[in-house]
Amino acid sequence: MATSNANTKPRDTWGSKLGFVMAAAGSAVGLGNIWKFPYTAGESGGGAFVAIYLIFVIFIGFSVMLTEFAVGRKTGLSAVGAFKSTDRRWTFVGVIGVISGLLIMGFYPVVGGWSLAYIQKIATGLLDTPEAIGGSFGAFISDPVQPLLWMALYLVLNIVIVIKGISGGIEKAGKILMPLLFIILIIVSIRGLMLPGSIEGLKFLFNPDFSKVDSSVILAALGQAFFSLSLGMGCMITYGSYLKKKENLVQTTAMVTAMDTSVAILAGVAMFPAMFAFGMEPTAGPGLVFGVVPQLFAEMGGMVGLLLALLFFVGLSVAALTSSVSLLEVVVSYLIDEKGMKRTTAVLLSAVVMALLCIIASLSLGGVGPTLFDVGAFDIFDLLTDKIFLAVGGMLVCIFAGWRLNREDLKKEITNDGDVSFPLFNLWYNLVKYVIPFAIAIVAIAGVKGGFDAGKGEIMVLGLVMIAVTALFSKKL
Ligand code: PFF
């Protein structure tokens with residue numbers, strides 16, 4: 001992807017439509033789909049969570065992504081500039097996106113580091129002792145040093161890619177490895193489904209039991225939809241700004257959404273049947289994929305098992321990289337475009353802040369370091385971002401498009417001046433203007449209230465306060 005300063009040079013555009021779809025899908029498909037989706041579904045009761053998630057993806061995720069692409073292409077600017085150029089009072093929405101990017105990068109590289117570490121662990125014999133696989137994850141992440149080294153390596157990879165502007169290279173790797181990862185997920189699913197007792201896993205995933213649903217589950221599903229689709233923080237606005245005028249925005253949005261969602265569902269099908277067959281708990285938490293996948297390939301045995309396990313974690317690491325590079329880019333392009341920094345300075349400065357956040361996040365998993373209202377840093381960053389920052393960010397993007405932008409201009413942008421037919425325009429517009437902001441507000445308020453029962457409401461309120469303070473000081477940004 002081209003990453004030049006948008007204000008001064010004519011904007012580069014994507015070479016081909018598929019190139020754009022793959023790049024946007026590269027941002028969307030990542031740890032969110034393969035690591036976060038299965039364990040969140042597991043912790044949130046399974047089928048009902050999945051059903052609500054799918055409803056949110058179709059009605060909210062799709063609409064918000066189309067909005068972000070349209071705003072990005074219309075203004076030709078990345079997140080902050082897109083809002084600022086229209087109306088300075090809206091600058092804060094872009095800035096909230098930048099803060100979200102920083103906070104997500106406060107834990108994403110920790111998990112990216114785990115994925116890299118598992119490549120090495122598998123290559124050096126992890127699969128030889130299947131009975132030790134489950135326990136080894138807990139020991140690994142609570143070690144004070146090991147995960148930090150892997151996190152540092154992961155962050156350095158991001159820094160090099162973003163400084164050199166070689167995201168084109170990583171996208172090429174993604175074009176090969178992502179389909180490969182998809183195929184491996186299919187193999188894992190088939191293997192898992194062949195195990196005795198696995199059918200229970202499918203039932204868990206697809207047989208909704210709505211009695212398990214409370215406001216926290218609904219907010220978790222909303223947050224998961226935003227996180228997985230890379231929405232609510234201006235990332236897709238930036239991608240849209242590089243999109244050619246003749247491309248079909250609706251079709252592109254549909255393709256990216258469909259790809260992202262199918263990977264998430266497939267990851268669920270790959271995990272739960274095997275988990276139930278192995279007698280593991282669906283509430284295994286963040287260690288789920290690191291327990292199930294090696295276990296499954298260890299049972300498969302031989303060179304093939306080893307090779308597939310290796311490829312899985314190589315693929316996962318690359319999928320994670322193509323996402324975190326897009327996160328880092330949101331922060332970096334803000335510093336370049338708005339603060340006049342050089343690219344290298346901007347990348348290094350952001351990376352230092354991210355590294356510090358990641359160190360605190362990683363240590364918190366071993367019970368080391370500060371807590372806030374009894375919640376450790378890793379969980380704080382996770383809670384603040386998808387459940388609060390991204391959801392509120394998505395709501396504000398919709399309010400911006402629906403109430404600040406002009407309906408006819410949006411129609412022209414989305415239909416390419418009438419060349420593309422979009423019969424659902426009115427539905428989309430009304431969703432964006434009225435329904436989605438209202439729906440997000442209700443889900444977020446109820447979710448924060450429910451969060452108090454789980455001892456997490458205070459952190460969410462803190463997130464809302466942070467957003468309000470950012471809005472108040474937006475003139476200075
Ligand atoms: N969508 C990415 C994932 O599922 O891993 C995470 C992400 C990337 C979120 C970029 C937000 C974003 F702007």
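For the stretch 262-282, state whether one or more residues are within 27 Å of Ile199 (Cβ to Cβ), among the acidic types (Asp, Glu) and part of a helix (DSSP H, G or I).
Looking through the stretch 262-282, none of the residues is within 27 Å of Ile199 (Cβ to Cβ), among the acidic types (Asp, Glu) and part of a helix (DSSP H, G or I).
Considering only the stretch 85-107, state which residues are over 15 Å from the mean Cα position of the chain (by Cα) and touching a residue at least 12 places away in the same chain (Cβ under 8 Å).
Listed by number, the residues that qualify are Thr86, Asp87, Arg88, Arg89, Trp90, Thr91, Phe92, Val93, Gly94, Val95, Ile96.
Is it fair to say Gly418 is touching a residue at least 40 places away in the same chain (Cβ under 8 Å) and either surrounded by 13 or more Cβ atoms within 10 Å (Cβ to Cβ) or more than 18 Å from Leu396 (Cβ to Cβ) (or both)?
No, not satisfied.
Quick check on the stretch 292-315. Is at least one of its residues β-branched (Val, Ile, Thr) and within 16 Å of the ligand (Cβ to nearest atom)?
Checked the stretch 292-315: no residue is β-branched (Val, Ile, Thr) and within 16 Å of the ligand (Cβ to nearest atom).
Scan the helices (runs of 4 or more DSSP H) fully inside the stretch 362-443 and keep the ones with 2 or more residues being of a type in the set (S, T, N, Q).
In the stretch 362-443, the matching helices (runs of 4 or more DSSP H) lie at 425-430.
Can you tell me which residue within the stretch 328-352, out of those that are of a type in the set (Val, Ile, Thr) and without any contact (Cβ under 8 Å) to a residue 40 or more places away in the chain, is farthest from the ligand (Cβ to nearest atom)?
The initial filter retains those residues of the stretch 328-352 that are of a type in the set (Val, Ile, Thr), namely 330-332, 336, 344-345, 347, 352.
Keeping just the survivors that are without any contact (Cβ under 8 Å) to a residue 40 or more places away in the chain gives 345, 352.
Numbers: Thr345: 22, Val352: 20 Å.
Here the residue is Thr345.
Which helices (runs of 4 or more DSSP H) sit wholly inside the stretch 1-77 and have at least 2 residues that are at pLDDT 90 or above, within 30 Å of Phe206 (Cβ to Cβ) and more than 16 Å from the chain's Cα centre (by Cα)?
Correct list: 37-43, 47-56, 62-75.
Being in contact (Cβ under 8 Å) with a residue 60 or more places away in the chain, away from the ligand (no atom under 16 Å from the Cβ) and closer than 27 Å to Val332 by Cα: is that true of Ile163 here?
Yes: the conditions hold for Ile163.
Across the stretch 449-472, what is the total count of residues that are over 22 Å from Pro370 (Cβ atoms) and either of a type in the set (Asp, Glu) or without any contact (Cβ under 8 Å) to a residue 40 or more places away in the chain (or both)?
Total satisfying the criteria: 3.
State yes or no: is Ala355 within 16 Å of the ligand (Cβ to nearest atom) and either at pLDDT 95 or above or touching a helix residue (DSSP H, G or I) at 6+ places or on another chain (Cβ under 8 Å) (or both)?
no
Quick one: in the stretch 203-249, which of the residues that are in a helix (DSSP H, G or I) and surrounded by fewer than 19 Cβ atoms within 10 Å (Cβ to Cβ) is farthest from the ligand (Cβ to nearest atom)?
Filtering the stretch 203-249 down to residues in a helix (DSSP H, G or I) leaves 203-206, 210-212, 215-228, 235-241, 249.
Then drop every residue that is not surrounded by fewer than 19 Cβ atoms within 10 Å (Cβ to Cβ), which leaves 203, 206, 210-212, 215.
Working: Lys203: 26, Phe206: 21, Phe210: 26, Ser211: 29, Lys212: 24, Ser215: 23 Å.
Ranking the qualifying residues of the stretch 203-249, first place goes to Ser211.
Could you tell me how many of the residues in the stretch 184-199 are part of a helix (DSSP H, G or I), surrounded by 15 or more Cβ atoms within 10 Å (Cβ to Cβ) and more than 16 Å from the ligand (Cβ to nearest atom)?
7
Quick check on this structure: which one of Leu127, Leu116, Leu103 is buried (at least 21 other Cβ atoms within 10 Å of the Cβ), under 21 Å from Ser230 (Cα atoms) and of a type in the set (A, V, I, L, M)?
The unique qualifying residue is Leu103.
Condition check: more than 30 Å from Leu77 (Cα to Cα) and assigned to a helix (DSSP H, G or I). Does Glu299 satisfy that?
yes
The values are calculated or read from the model by the stated rules, or taken from the named source; none is laboratory data. Computed from a predicted model, the values in this text were never measured in an experiment. Virtual Cβ from ideal backbone geometry, glycine too; neighbours counted across all protein chains shown.
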